[in-house]
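Quick note: the coordinates plus some simple rules give every number you see, no bench work behind them. In this text the structure is predicted, and so the values were computed from the model without any measurement. Every residue, glycine as well, gets a Cβ built from its backbone with ideal geometry; the counts of neighbours run over all protein chains shown.
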Amino acid sequence: MRTALAIARKELAVAFTTPWAYAAITAMAALSSFFFVSLLEQFQQVQSLAREHGWSRLPPDSVVYRNLTDGVVVQLWGVVLIITLFVAPFLSMRLFAEEKRQKTFALLLTTPVRPVDIVLGKYLGGLGLIFVTLGLTLVFPVVLSVVGSGPSGSALEWPTVLLGYGAVLLWGATCMAVGLFISALTESQVLAAFLTFTVLLPWMLLRGVAQSTAEPLRSFLSYLSFDTQLQGMIQGVLEAQALVFFASVILFSLLLTHRAVEAQRYA
Amino acid sequence: MRATHVTRVLGAFGLLLLLSSPFTLFLTSGSVALAGGKAVLGAAMLAAYVVTHRRELGREGTRRTGRFLASSVLTTLGVLGALVALNVLAFRKNQRWDLTRERIFSLAPQTVQTLAGLKEKAHVLALVPPTHASYGELEELFRRYHEAAPEVFDYAFVDPRREPSLTAKYQLKEGQTLVVVSRGEGDAAPHTTLPLPAEQELTNALIQLSATGAQKVYFLEGHGEWPLEPPPGGDGLTELRRQLQREGYRPEPLNLLGREEVPRDAGLVIIAGAKQDYSAPEVAALRTYLGEGGRLLYFTDANTDDGLGLFLADYGVQVDEGVAADPKFNSGNPFVLVSNFYGKHAITRPLQERGFNVQLPTARSFTLIREGFLLPGVTVEPVLFSSPYAWVESRPLEDTTPSSGEKMGQLTLVASASRDTRAAEHKRFDEARLVAVGESELLLDPNWRYEANRNLVMNALGWASLQVEKITLRPPDRETSTLELSEDQMRTLRFVSTDLFPLSLLGVGLAVWLSRRNR
């Protein structure tokens, strides 16, 4: 594990000295800021309309704007999940592909480091990177808790906010695991990023496919959909099945990465 | 091109065909033949590759690679199997924790209590297509009920377009949806139907379904009422009796002659088209029955007299002499009224929602008395009206047009009355309920297939008999919170969030990159 942590530290050090990581972090910050401000403006507009005409005269779906957690934070987490889908492949693409391109990967395999340490080290490095990127989004609920107000004092339901943030991190960890495996298959970073996105996007949208199918396939596809598993969490409901599902995807991706690294010895 | 090159390409395509056949079966075409064909063709192409490359595959290096490949496939499949098993277990034994402050994604305590009190298994069948907008929401609701009481609450979804037998059974039209809640097992299990329900409706349905099991419905006889068991070739109420049994009631005939009171186990009493006068002791028994909080459904007919006028007047209902007629809202005959003029009443709300027209041939109308004759505490309400063009024809055999002296305007064809009986001696229920319908022939077997009328009767029966305590759940919601930012504050926030914040990060990145580049 010590070796894995050393590799992770090296990965993080390298990442934070390359423009790619900053580009991805800036993109995440800029996009999520833009959506945060838009959601905030919309929230204010609906609240102002409600003060003028009363909630009963507004469309039924306006009810989410009664509360800052529902009206801004839950929706913001939904947006951040989508942005992560685009940003994570850029962060994961270089984990193995870059080493392969620079021919240092073969060198790494000749060192007395076990493939499992290499995989775990790379993954932990990637995880650190995505967590830093996503960590910036926590600033928005903090801002809201300062400027908003509620009858019981706190403007936000912090358990819901933090569970939603946990869902975002879990999603980021899953994206990195899938991205790590695909990065281990190619030496082209662009191809790795593209393939990661190509795998994650339909997987995320599986719920839409499930809706047009009949039972029991519908339940099966819904269960497999990232979107379905994350929706409950960002709204404040923690389910054991979601944790098991994401842990399974991460574990299986790491296993496949491990086999892909091992396969290099036979190539 | 050499044969081995061709078979290599074939092998690659074969692998693709084999691996993609489940997608063909489950996602794209749904055809077993097509998916099977792809799998067989793929396997054959793969076999062709193995046969033509057997020497190559047999070499030492390839054997080592093959061994690695085999061990990798086995390990991967083994881990995948274990993970699938774990996920199946997690799905079946899922645990959920609602971390919202108001527990807005949890069942109300009343629902949990109702589920805990269920003595027989309840089954929900949702006839809802998977593409329906409320499908996910309903599924989530049913899942919560099932998780709260897995032993007694079960549910299933059926696409009505794919199950024509069920669509016919529940008389669903194209695009309609329905949720059937049954108590117990099997086709004959008592059930009730609901439009797409929220938690409150579903829990109330479970409560009502549990309550009907003990309710006896007595059909009075001895005065020419329609019989539950009709004589051969005669008219009767066989279909109504079957429907009541399906819904968990126990219909039985009752002759009040020689009895001092209506049996104590009566959940409801029905007078279905009496043609002769009730005797004074019988009327007294009925009066006592309602006075103790009884429930009565009264169906009358044109040209009949049953001697119940004063008794009904106690509850604010006076039966008009003659036959209701309508020159505009009829089915070709002014005495066959067609109406969709509903009062604001629980009995007719579902009919109104589904856009039904009720049809009443040769119906009598009622005058509602709100003061004077009626007993203290009685509330009387109209349930179904005729159109405003109607009149009461006093000589239907001679005349089909309104004449002077005849009552004109919108007539009440169905009325309901209730009275608080909590203080009554030998109280049966807290409230007496009476529904009076100006037509009894809609109960007969040949007319029972007319859906709107059947719904009217069953809703009236439900309203009158199901005086179980209904729960009223407040739709859960998060606490209201507000945000009041001035235009200046908003501008500052916009600048800091969308400008300063990302640019600072980009600046840090550039500085790090440039400093490393210049090293």
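Its alpha carbons give segment A:1-146 an Rg and a Dmax of 21.2, 72 Å. Kirkwood hydrodynamic radius of segment A:53-130, from the reciprocal of the average inverse Cα-Cα distance over all distinct pairs: 16.4 Å. Can you tell me how segment B:281-371 classifies by the Cα gyration tensor, rounded, prolate or oblate, using a/c under 1.5 as the rounded cut? Verdict is oblate for segment B:281-371.
Under DSSP H, which helices of chain A have Cα atoms covering 15 Å or more of the helix axis and a Kyte-Doolittle average no less than -0.5? Span-like helices in chain A: A:2-15, A:19-53, A:75-92, A:115-135, A:158-183, A:189-204, A:240-266.
List the residues of segment A:242-261 whose backbone N lies under 12 Å from a point placed 7 Å from the Cα of B:Leu69 along the Cα-to-Cβ direction. Once the point is set 7 Å along Cα→Cβ of B:Leu69, nothing inside segment A:242-261 turns out to lie under 12 Å by backbone N. When both segment B:289-339 and segment B:413-459 are represented by their alpha-carbon centers, they are found 12 Å apart. Of the candidates A:Asp117, A:Asp70, A:Asp61, which one comes out as most mobile in a Gaussian network treatment of chain A with C-alpha springs shorter than 10 Å? Maximum fluctuation in the GNM of chain A, among the listed residues, is at A:Asp61.
Find the Rg to Rh ratio for segment B:34-144, where Rh is the Kirkwood radius over alpha-carbon pairs and Rg uses the same atoms.
Radius of gyration over Kirkwood radius for segment B:34-144 works out to 1.26.
Summary value for segment B:104-159: 50 percent relative contact order, contacts being C-alpha pairs under 8 angstrom separated by 6+ residues. Positive end of the dipole of segment B:200-351, charges at C-beta (+1 Lys, Arg; -1 Asp, Glu), about the Cα centre: which of B:Thr288, B:Gln243, B:Gln200 has its Cα farthest in that direction? Farthest towards the positive end: B:Gln200.
For a test of the definition: using alpha carbon positions, the gyration tensor, and the 1.5 limit on a/c, classify segment B:95-158 as rounded, prolate or oblate. Taking the square roots of the gyration eigenvalues as a ≥ b ≥ c, segment B:95-158 is oblate. When only alpha carbons are used to place a centre, segment A:95-117 and segment B:14-42 end up 38 Å from one another.
Taken over the protein assembly as shown, the convex hull of the Cα atoms encloses 237 Å³ per residue.
Shape of segment B:123-212 from the C-alpha gyration tensor: oblate (a/c of 1.5 or more and a/b not above b/c, with a ≥ b ≥ c the square roots of its eigenvalues). Per the Debye formula on identical point scatterers at the alpha carbon atoms of chain A, with no solvent, log10 I(q)/I(0) at q = 0.09 Å⁻¹ is -0.47.
When the inverse distances between all different Cα atoms of chain B are averaged and flipped, the Kirkwood radius reads 29.2 angstrom. Compared with the direct C-alpha span, the chain from B:Asn303 to B:Ala156 gains 47.9 nm at full extension, assuming 0.36 nm per residue. Checking the Cα-Cα distances for B:Lys93/B:Lys169; B:Lys93/B:Lys216; B:Lys119/B:Lys427; B:Lys93/B:Lys119; B:Lys169/B:Lys275 against a 30 Å cut-off, the pairs over it are B:Lys93/B:Lys169; B:Lys93/B:Lys216; B:Lys169/B:Lys275. For segment A:85-182, applying the loop criterion from DSSP together with a ceiling of 14 other beta carbons within 10 Å to the trypsin sites (Lys or Arg not before Pro) yields A:Lys103. Here is what passes the span test in chain B: the DSSP H helices with alpha carbon length of 27 Å or more along the helix axis and a Kyte-Doolittle mean of -1.0 or above are B:3-23, B:32-52, B:60-92. Which lysines, on any chain, are close to A:Lys122 with Cα under 24 Å apart, when same-chain ones fewer than 8 places away are left out? A:Lys122 reaches A:Lys10, A:Lys100, A:Lys103. In plain terms, the residue of A:Ile7, B:Ile369 with the fewest other Cβ atoms within 10 Å comes first and the most crowded comes last, giving B:Ile369, A:Ile7.
When shorter helices are ignored and each DSSP H run of at least 4 residues is given -39500 (n - 2.57), the per-residue value for chain B at 222 nm works out to -12000 deg cm²/dmol. Please work out the C-alpha center-to-center distance from segment A:218-251 to segment B:125-182 and express it in whole Å. Cα centroid of segment A:218-251 versus Cα centroid of segment B:125-182: 23 Å apart. When the alpha-carbon atoms of segment A:155-267 are used, the pair Rg, Dmax equals 16.2, 58 angstrom.
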